[in-house]
Amino acid sequence: VETTKTKGADFDAVVIGAGFGGLYSVYKLRNEQGLNVKAFDRAGDVGGTWYWNRYPGALSDTESFVYRYSFSGELLQKGRWKTRYLTQPEILAYMNEVADTYDLRRSFQFNTRVTATHFNDETGLWHVTTDKGETVTAKYLITGLGLLSATNTPKYKGIDSFKGQMLHTGNWPEGVELKGKRVGVIGTGSTGVQVITATAPIAGHLTVFQRSPQYVVPIGNTPQDEATIAQQKANYDDIWKQVKSSVVAFGFEESTVPAETASPEERERVFEAAWQRGGGFYFMFGTFCDIATSQIANDAAADFIKKKIKEIVKDPATAKALTPRDIYAKRPLCGNNYYEVYNRPNVTLADVKADPIAEFTATGIRLESGAEHELDVVIFATGFDAVDGNYVKMDMRGRGGVTMRDKWKDGPLGYLGMMETDFPNLFMILGPNGPFTNLPPSIETQVEWIADTIEMMEGKGLKAIEPTEAARDEWVTLCRTIADMTLFPKAESWIFGANIPGKKNAVMFYMAGIGNYRNAINAVKDGGYQTMIFDREMASA
Ligand code: FAD
Ligand code: NA7
């Protein structure tokens, strides 16, 4: 059992979250560095995203061989999967295996929500308070709260009068039975696409309430044979090297060929091959290099998908309603025969942009036109208050009592996607202005940087580290500049906070890829942390 090194503190570090980020933090800081760590999660066990999202069809859209940690050769060789993508039960089993292998669970207190984190100027410690009424103190605070974790449920008139069952995909209970039921799904993002395609074959009737039509390419979730898996396991050194120096970290080489200058035949050939191969990020980044940056290239990709919708969907009015009118610049989606679902006799598409939801009634949903949809179950696939959602839910206070809610009132800010001014020794995993990639490799990258930084602090006997305002501002400006070089800001989605009513539009990601991101953060470390202030109170005294 570890003893606390920090004088006057209960623990050296508090970790919040038991997902990929939190688990690895406990491993690095406790198992490797011998710090005394206390960790919390409001969930009943490990898993994070994969603990909460148990809806039918829940699946990674990162391929199985790279939706995992890279740090342990032992874990990599033990990896088991059957298909190209991982189902939620497989990922949850994997997270449990990680926790068991490294004895991580004993540092966690589950079913415990952290309600407040206050930095004490006098002691230089974090005071972490939970919904159980207890407060612990620690020198370091590592938050792995998840960037797609605070669920968003729209408020509808009459919602309390609905007598059926209401479920959010991101908080899915055990034992839900949809077979034969009249099911309504609100939302057609990544999650909606998965839950819709999984529910259509089992529901008595499925009504999809679609606000924005989406570009959805096939996922291509084929079985994977043992030989392919063995080959991937044998090549992990090269695979991770490629992943960590790539852009989106999805385990394929991004294209270097522009669509802008490709002939129509060449575009058709490449898009068709990608359609057959499957994968949302592959379709956007593996086909041509300019789909996310050139309007011409983007139109070409969008037109290809629109043509597919017309070919697949038999009823012309439904096909039209399913056809996106905006550009192709949200998180790229993929699904299992998504558009085909709408050819089924038991599926109805309700276009709630044309005819918005007016209210919930006791028996279902009434649209503004007066049309009524009778439902036994309503599934909210309405997404998350992304990136800062779980941060502003907590009462977070830094130096002088400054609150995070106040600092981030015009949008969340972060230095290197991990730190914020006036919040010393706070390290946010997937915090604002971090990388936009397949996430486990980015999470590992950040946790390793955090652990190295803490090791440096302990080695030098330093008390506090925080970024300068100039460095933070420069990073935020850089993220804005990079985002503006892409088409992403032109589409309304959670990537810029557009999905939450009243949320200010802000740049929340570093979009120059994991390779550049790793170089940038390692330059700060290797350069001796010139952009940081150490032991600020002592410096000014
Ligand atoms: P999470 O796994 O979200 O864990 C955060 C944890 O913090 C949660 O367990 C939560 O309960 C806890 N927590 C938050 N606030 C508090 C508090 N105040 N007190 C106590 N506990 C708290 N990413 C990909 O790269 N590829 C994919 O294919 C992919 N598919 C996804 C599919 C779905 C349905 C969703 C929702 C997300 C998907 N993601 C995917 C993103 C996914 O969230 C990340 O890949 C990764 O799991 C994030 O890990 P994390 O540890 O940062 O956060
Ligand atoms: P998303 O991508 O934010 O999708 C949410 C969906 O819900 C989207 O279709 C929204 O329509 C719709 N929505 C949201 N609010 C409403 C209201 N009030 N009325 C009708 N429809 C609404 O969330 P996901 O969970 O699918 O995916 C998030 C990420 O998690 C994903 O990228 C994966 O990484 C996992 P809109 O498009 O805003 O018109």
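The values are calculated or read from the model by the stated rules, or taken from the named source; none is laboratory data. Nothing here was measured: the structure is a model prediction, and the numbers come from that model. Reconstructed Cβ throughout: ideal geometry from the backbone, glycine too, with neighbour counts over all protein chains shown.
Being buried (at least 23 other Cβ atoms within 10 Å of the Cβ) and within 16 Å of ligand 2 (Cβ to nearest atom) is true for just one of Ile443, Ile450. Which residue is that? Write out each step before concluding.
Working: Ile450 fails: within 16 Å of ligand 2 (Cβ to nearest atom).
From the options Ile443, Ile450, the qualifying one is Ile443.
Give the residue that is surrounded by the most Cβ atoms within 10 Å (Cβ to Cβ), with candidates limited to residues of the range 220-239 that are of a type outside the set (Val, Ile, Thr) and not in a helix (DSSP H, G or I). Write out each step before concluding.
Taking the range 220-239 and keeping what is of a type outside the set (Val, Ile, Thr), we get 220-221, 223-227, 230-238.
Those left that are additionally not in a helix (DSSP H, G or I): 220-221, 223-225, 235.
Numbers: Gly220: 18, Asn221: 21, Pro223: 9, Gln224: 17, Asp225: 10, Asn235: 13.
Here the answer is Asn221.
Has the range 285-292 got at least one residue that is surrounded by fewer than 21 Cβ atoms within 10 Å (Cβ to Cβ) and part of a helix (DSSP H, G or I)?
Checking the range 285-292: at least one residue is surrounded by fewer than 21 Cβ atoms within 10 Å (Cβ to Cβ) and part of a helix (DSSP H, G or I).
Looking only at the range 482-503, how many residues end up being within 11 Å of ligand 2 (Cβ to nearest atom) and either part of a helix (DSSP H, G or I) or of a type outside the set (S, T, N, Q) (or both)?
The initial filter retains those residues of the range 482-503 that are within 11 Å of ligand 2 (Cβ to nearest atom), namely 491-495, 497-501.
Filter once more, so that each one left must be either part of a helix (DSSP H, G or I) or of a type outside the set (S, T, N, Q) (or both): 491-492, 494-495, 497-498, 500-501.
Residues that pass the stated criteria total 8.
Assess whether Leu86 counts as being at pLDDT 95 or above and surrounded by 23 or more Cβ atoms within 10 Å (Cβ to Cβ).
The answer is yes for Leu86.
Of all residues in the range 392-433, which are part of a loop (DSSP other than H, G, I, E, B), in contact with an Asp or Glu (Cβ under 9 Å, 6 or more places away or on another chain), more than 30 Å from Arg211 (Cα to Cα) and among the hydrophobic types (A, V, I, L, M, F, W, C)?
Within the range 392-433, Val402, Phe423 qualify.
If Asp237 meets every condition in (1) within 28 Å of the chain's Cα centre (by Cα); (2) under 26 Å from Asn298 (Cα atoms) apart from one, which number is that one?
(2)
Considering only residues of the range 240-282 that are touching a residue at least 60 places away in the same chain (Cβ under 8 Å) and not in a loop (DSSP other than H, G, I, E, B), which is farthest from the chain's Cα centre (by Cα)?
Going through the qualifying residues, I end up with Trp240.
Under 6 Å by Cβ, and 6 or more places apart or on different chains, what pairs join a residue from the range 15-33 that is near ligand 1 (Cβ under 6 Å from one of its atoms) with one that is hydroxyl-bearing (Ser, Thr, Tyr)?
Ile16/Thr143; Gly19/Thr49
State the number of residues belonging to the range 155-189 that are polar (S, T, N, Q) and within 11 Å of ligand 2 (Cβ to nearest atom).
2
So, of the residues in the range 138-156 that are part of a strand (DSSP E or B) and of a type in the set (Val, Ile, Thr), which turns out to be farthest from Gly497 (Cα to Cα)?
Applying the filter and picking the extreme gives Ile142.
Kindly list the number of the only condition in (1) under 22 Å from Tyr24 (Cα atoms); (2) among the hydroxyl-bearing types (Ser, Thr, Tyr); (3) more than 16 Å from ligand 1 (Cβ to nearest atom) that fails for Tyr517.
(3)
Looking only at residues in the range 41-96 that are among the basic types (Lys, Arg) and free of Cβ contacts under 8 Å to residues at least 60 places away in the same chain, which one is nearest to ligand 1 (Cβ to nearest atom)?
Arg80
Using the structure shown, decide if Phe496 is within 24 Å of Ser149 (Cβ to Cβ), free of Cβ contacts under 8 Å to residues at least 60 places away in the same chain, in contact with a helix residue (DSSP H, G or I) (Cβ under 8 Å, 6 or more places away or on another chain) and surrounded by 14 or more Cβ atoms within 10 Å (Cβ to Cβ).
Yes; evaluated as a whole, the condition is true for this residue.
Restricting to the range 365-391, name every residue that is surrounded by fewer than 19 Cβ atoms within 10 Å (Cβ to Cβ) and either part of a helix (DSSP H, G or I) or within 16 Å of ligand 2 (Cβ to nearest atom) (or both).
The answer is Arg366, Leu367, Glu368, Ser369, Ala371.
Specify the residue that is farthest from ligand 1 (Cβ to nearest atom); the eligible residues are those in the range 351-364 that are crowded, with 17+ Cβ neighbours inside 10 Å and among the hydrophobic types (A, V, I, L, M, F, W, C).
Within the range 351-364, the first condition is being crowded, with 17+ Cβ neighbours inside 10 Å, and the residues that meet it are 351-352, 357-358, 360-361, 364.
Now restrict to residues that are among the hydrophobic types (A, V, I, L, M, F, W, C): 352, 357-358, 360.
Numbers: Val352: 22, Ile357: 23, Ala358: 29, Phe360: 24 Å.
Going through the qualifying residues, I end up with Ala358.
In the range 68-124, which residues are of a type in the set (A, V, I, L, M) and out of contact with any strand residue (DSSP E or B) (no Cβ under 7 Å at 6 or more places or on another chain)?
Filtering the range 68-124 for residues of a type in the set (A, V, I, L, M) gives 75-76, 86, 91-93, 95, 98-99, 104, 114, 116.
Hits for the range 68-124 are Leu75, Leu76, Leu92, Ala93, Met95, Val98, Ala99, Leu104.
Checking the conditions here, which among Asn152, Asn96 is within 21 Å of the chain's Cα centre (by Cα), away from ligand 2 (no atom under 16 Å from the Cβ) and either at pLDDT below 95 or not aliphatic (A, V, I, L, M) (or both)?
Just one listed residue meets the conditions, Asn96.
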